[in-house]
Structures are given as structure tokens and as C-alpha cells.
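Below: one structure, written as C-alpha cells.
The values are calculated or read from the model by the stated rules, or taken from the named source; none is laboratory data. This is a predicted model, so every value here is computed, not measured. Every residue, glycine as well, gets a Cβ built from its backbone with ideal geometry; the counts of neighbours run over all protein chains shown. To get the accessible areas, we keep the full protein, side chains included, count just its heavy atoms, and leave off ligands, DNA and RNA. Shrake-Rupley method; radii C 1.70, N 1.55, O 1.52, S 1.80 Å.
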Amino acid sequence: MSQADAPVALDIDQLSVVFDTPDGSLAAVNDFSLAIRRGECVGVVGESGAGKSQSFLAVMGLLAANARVSGQARLGTESLIGRDVAELNRFRGVKLSMIFQDPMTSLTPHMTVGEQIAESIIHHLGSSAEAARARALALLEQVQVTDAPRRLDQYPHELSGGMRQRVMIAIALACDPEVLIADEPTTALDVTIQAQILALLATLKRERGMAMALITHDLGVVAGIADRVAVMYAGRVVELGTVHEVLKAPKHPYTAALLASMPRIDDAGTGPLPAIGGQPPNPRRLPSGCAFGPRCAYADDACRAERPSLIGPSSIEGTRSVACHHPLDGTRHAREST
Amino acid sequence: MTEPLLQLRDLRVWFPVGEGLFRAKRNLRAVDGIDLQVAPGEALGIVGESGCGKSTLARAILRLVRSSGGQILWLGRPIEGWSTARVRPLRRDMQIVFQDPLASLDPRMTVGEIVAEPLRVHARDLSRAERRERVVDMLARVGLPADVVNRYPHEFSGGQCQRIGIARAMVLRPKLLVCDEPVSALDVSIQAQIVNLLQDLKRDFGMTILFVSHNLAVVRRLCDRVLVLYLGKPMELASTDLLYSQPRHPYTQGLLAAVPVPDPDLQPQRLGGALGGELPSPLAPPSGCVFRTRCAHAVAACAAAAPQLQPVEGGHEVACDRWRDIGPYGATP
């Protein structure tokens, strides 16, 4: 069964997140729709404030108390939005797991690694303590923690950052989830350890057939393991397509500009980088029309007048969606287009 | 060659740790035997993983941490033993830009006061008007309008705060600018703006840059030469061209291979070649070559003696006894 016809594991539909603040309401995510199939990894990329983390915190029911969520997210046939904590806890950590950027603050400092992995196995699967410990050991070995039997009885502070992130992944996998949400899982790690963790996530996805959302600001990270990519800007998806489509022939000027502005390790160029001018917009004062308009080389009156909606694959070609009045023709490579 | 701006001879920074009633004193060798010459106008990158000693090395050069041994020669004069008071006038010529753009600016000072402070300390003969003019000029140079002088750091984004930090460091026109991870906290689209700004400043003022970074792609873009550190020791030193096109040290090769490229045709294979293992404890570094525990090419001899930097060609130096067998691209032995 190819990925394209695999059943949808997580279906996010028209999700919006608004925060009520003393200074008025703030729209963090607007009309976010994404279906992730079994065995598929979708990279969700964007800069700080683009709404990538908030979208998935909404799916997990982990948003701050002043957030209002509308739209829908379904795990199989179960709806996730608007459920109370007890109901959500039937899925969270079981069918739906999440790992975070900072592996130190996400682990409990006063429990051993073994206890923290076993906790969810005992709670959700009703295993005995011995069975849970055996499974914890097996999980640590699966995520390639060295010297796993000794690690079971160690505390988080005794482990390196890379080892802690492996423990986080082991906890997330403890109940064999259908969906894994990884929020900047390698951002706090050294580049050599990042490569190890990404290789591990790619293996786990392949072997377990999990659906995975990989949230990152690094287009290089998604290039290695994602099948599809959603690019977000100012709370909206501006481009969605296969990793080849989006990274090799971007249609949205923001995607192209982001790719061109990244210095690459395999680029011997020494001249100035084609930087994107200006700043990401303040979500309280979004420009009229296209939010990227003020920083876009192609923007015209139409872009300032009307916000382009995300035009789906049926209107363009293949599997691609783009929200732009003047999409690039997609045949040029990003670095040549500047 | 013109006289080096800066020379390091066997520079060491050791931190005593773990001293207790029943425990012997041990030394954490953060920087352990660095020899280096930096020419005026050169941009030297210092790279390596967290804990390799790159920031400590930069701070030792600025005399922000005390070195434990070896020499620091500034324009030919050894300054490592100088008192703080004696070093202070030199600071006019050596400035630093830090990683966290907001945390490195005093929240209670206006941008104008922040950028003027180095002038108040080091250029006391300037009148208020002259000082203001220099501040506004420098702010314009880093891309900020004159009206920012009366505003406070919290009103600015990370990228703008980093411009303010660069203006503060540059307002004295230092000979040496140390940049400690200056773009690591910034968003991708802002990183490129700051990299371009540093390139412009280097070209226009002819200053020397020490660029400490774990971001090897940014270093390739900005630096003329690169020093690779591992557990406080030099692994490889080469021109940027040679280091990136023909890396000789297995550590450099592994480090370069680990950097992701945004190309789905290349990146999945690159992941497979990731360097294994983790940094050993700096309190118990491996004997001999400190990198040998993660090195695919290590042989028994590597545990016996620590390899010294040895010449390859054209100023390219590598601290590996097996570099001739390994080849420039990390082919298997």
C-alpha cells in the first residue's frame, strides 16, 4: 500500500486558534487544514510566530487557558477539539504522542528514566510493574540509548541532551501511537546529535508506519525525512506539497525566498545572501491582503487588496496547494530565481 | 605576511572543578593548547560542538576569562598576565557581540545610551554632540533609523536587537570583533540580514572578526579561515575553501556531513552517514587523540599519543596521524 492511499491517521480541518489577551484578541492560527496518512511524515515549517506549534498544541489540547479553538481535528473517527481532559487522556500518550524541543524541561527531574517510561505503560495499558520495566528497557534499546539497562535507573540530569531526547521519544512510543507530533525535536541539540535523532525518527516512522508531524524552522531537517511539507507564515499555510515539489520548485515567493536566504553547507558562494527584507509581521497588525506582501518582490495592488486563499491541488496540479496571487512557475530552482 | 594582530601560543584555559573534602582537585581543560595567528582584516571561524571550548577560547582572547597557560600576543605584546586595569585600554580595540540579542542589552538603558556607553568609557574627550553624531552614524550603518535612540531594547525584535548589539561593539571602530554565535537565536530570514551586515562591516572597516559558531553553513559564507575544535583541542585549521572542499580530519568530515541541506535528493543519504556517539566527558577525555572514541578510522596507535597539528598544504593543518590514509572526503580506510 503506498502512502497516498494509506488511511488518514490525523485529519485537521479548518483549525483556528485565537488568544484572548488584555490587549484584545490575537489570531495565532487561521484555517489550518492538513491530513496526515499512516506512514507519512509531514514537515511543518515556518519562523517564530508562524503558528506551527500552536496548531499542534491545539490538536493535543495543550493550549493556554486564554485560547479559543475552532475547527476540527480527528484521530481516526474520534474528534479531538472541545473534549475535556479525561476524554483527551484516553488518546494522549496512547494513540497520539508529542515530543518537545527541550528534553530537559519535558522530563520530570525526580523520577528515574525507567519510571517515566513505565508510568504511561502502566497507566494506559494496565501492565504490571515488571512487564512495564521490561518494555521500558526494550524501548530504550529501540531508540538506541547506549548502556540501556543502567540508564533505566538514572535520572534525567545524568544524561546528555541527545540521550534525554531519545528518552522522550521512548516515552512517546511507549503505547505504540498512531500519530507522533515532534515539535522542534532537534533544535536544542548539536548538529551531529541532530543527525542521529533524525535518522532514528526516519527509521521509527518506516518500521512502525506511524503518521508524523515534524515541526521545525529548518528546511534542511524536513528535506531528510518528510514526505510532504506545509509552509506557514503569519498563522496560515501558504504552501503545501510533496517535499520535492516544495523544496525543489517552490511556488510561493516566501518559500523560495526562505530557501534562497539560507546559507548552505554545500554552497561555496561568498557574496551577500539574498536576504528577505523587513520583519515577520506583528500578528496584531497584519498587513491588508497577503501577509507576506510587504516583504515580497512580486507583490502588487492585487496582493495588497485581497488575501490570497490556499488554492488546492484540484486547481493547480498534483498534490500542491499554494496561497499566492502570483505563484512562481515552479520550474526554476529557488537559488536561481533570485 | 604582515604582523599578526593576534597570536596564541599554546593557550590553555583550565577550570578547577570538583574540589572537595575527600576529592582531589581536577581540571576541566576547556581550552588545551591552541596555537594560532590571526592576520589583520581576516575573518576566522571557530567551530565545534557544544563544550568544545570555542566560546571559552574567544573569551580568553578578550581576557574575559583568565588563561591558565600559554601566551596571548596582541600586536606582538604578550597580554595574558596583564591586570584588568592594564587591559582596559585594549578593550577599545577588541569588542564582542553576544548570542542572545535581548539579554545582552541593559533593559533600563535607551538604545542611544547603550550604543554611546563604549564612547563614554573609551573616548571621554568627545563632546555630547560628537558622541551623539557617532551613535547615530553607527546606527545608520547597521540599518537602524536615528529615532531609535530614545527607545528601549524591549521595543525591538531579535534581529533589531542584534543590530543594536553590533552597533555598540562597532562604535569604537575596534580592530577585532568577536562574534559569539551572533545569529543562532535569530529566525532564518533574519539570519541572512545579519550575516550580510557583518560582511559589509568587515569590508568597509577592514576589521578582524573571530566568528564563534556551531552553524557551519554561516561560517562558510562569512569566514576566510576556520579552526575546528574538539574537547578544547585543535583538530583542523584551514582556509574556508580547503576545509569545506577537502576536509582532512575525520571529525571535520563528520561535522560537515551532519549539517542538513534543504534538498530532498541529497539529505536522506546524508542522514545515514551521521557521526556516531557523543562528546566524552571533558573531565575524563580519552587518552591519545581525544576524538578516537567516535572515529571510524581509529587504530590502536591513536590511543597512545595525542596527534599534533601537522601541515597538509597551503596553511592547511590537521591534528590526525592517519590523514594520509583517510583521504580528503572521509573514504573508508
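What to note about this one:
- B:Ser184 being among the polar types (S, T, N, Q) and touching a His at 6+ places or on another chain (Cβ under 8 Å): yes
- In segment B:272-288, the residues that are within 14 Å of B:Cys52 (Cα to Cα) and facing another protein chain (nearest Cβ under 8 Å) form Cβ pairs under 7 Å with partners that are open to solvent by 50 Å² or more (accessible area, probe 1.4 Å) and assigned to a loop (DSSP other than H, G, I, E, B), at six or more places apart or across chains, as follows: B:Leu279/B:Gly51.
- Of the residues making up segment B:247-271, those that are out of contact with any Cys (no Cβ under 6 Å at 6 or more places or on another chain) and away from chain A (no Cβ under 12 Å) number 1.
- A count restricted to segment B:37-64 and to residues that are open to solvent by 30 Å² or more (accessible area, probe 1.4 Å) and farther than 20 Å from B:Leu90 by Cα stands at 2.
- Flag if A:Ala268 is within 13 Å of chain B (Cβ to nearest Cβ) and surrounded by fewer than 18 Cβ atoms within 10 Å (Cβ to Cβ): yes
- Residues being in contact with a His (Cβ under 8 Å, 6 or more places away or on another chain) and not in a helix (DSSP H, G or I) - total across segment B:223-245: 6
- Hey, B:Tyr329 outside any strand (DSSP E or B) and either open to solvent by 40 Å² or more (accessible area, probe 1.4 Å) or farther than 30 Å from A:Lys248 by Cβ (or both) or not: yes
- Being open to solvent by 30 Å² or more (accessible area, probe 1.4 Å) and in contact (Cβ under 8 Å) with a residue 40 or more places away in the chain holds for only one residue in B:Ser213, B:Ser239, and it is B:Ser239.
Each row is one residue, and each column tells you yes or no for (1) touching a strand residue (DSSP E or B) at 6+ places or on another chain (Cβ under 7 Å); (2) within 11 Å of another protein chain (Cβ to nearest Cβ); (3) open to solvent by less than 20 Å² (accessible area, probe 1.4 Å).
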{"position": "A:Leu180", "(1), (2), (3)": "yes, no, yes"}
{"position": "A:Thr192", "(1), (2), (3)": "no, yes, yes"}
{"position": "A:Gln196", "(1), (2), (3)": "no, yes, no"}
{"position": "A:Arg208", "(1), (2), (3)": "no, no, no"}
{"position": "A:Ile215", "(1), (2), (3)": "yes, no, yes"}
{"position": "A:Arg228", "(1), (2), (3)": "yes, yes, no"}
{"position": "A:Lys248", "(1), (2), (3)": "no, yes, no"}
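- The residue that is farthest from the other protein chains (Cβ to nearest Cβ), counting only those in segment B:131-143 that are under 25 Å from A:Pro281 (Cβ atoms) and surrounded by 21 or more Cβ atoms within 10 Å (Cβ to Cβ), is B:Leu139.
So that you can scan it fast, the table gives a plain yes or no per residue for (1) closer than 23 Å to A:Ile121 by Cα; (2) within 12 Å of the chain's Cα centre (by Cα):
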position: A:Val179; (1), (2): yes, yes
position: A:Met210; (1), (2): yes, no
position: A:Leu214; (1), (2): no, yes
position: A:Asp218; (1), (2): no, yes
position: A:Val222; (1), (2): no, yes
position: A:Leu240; (1), (2): no, no
position: A:Val246; (1), (2): no, no
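- Sole exception among (1) away from chain A (no Cβ under 14 Å); (2) closer than 17 Å to B:Val135 by Cα; (3) surrounded by fewer than 23 Cβ atoms within 10 Å (Cβ to Cβ) for B:Gln160, by number: (1)
- Qualifying residues in segment B:173-214 (those that are out of contact with any helix residue (DSSP H, G or I) (no Cβ under 8 Å at 6 or more places or on another chain) and among the polar types (S, T, N, Q)) - the one nearest to the other protein chains (Cβ to nearest Cβ): B:Asn196
- Just one of the numbered conditions (1) under 18 Å from A:Gln194 (Cβ atoms); (2) open to solvent by 40 Å² or more (accessible area, probe 1.4 Å); (3) of a type in the set (Lys, Arg) is not true of A:Arg166: (2).
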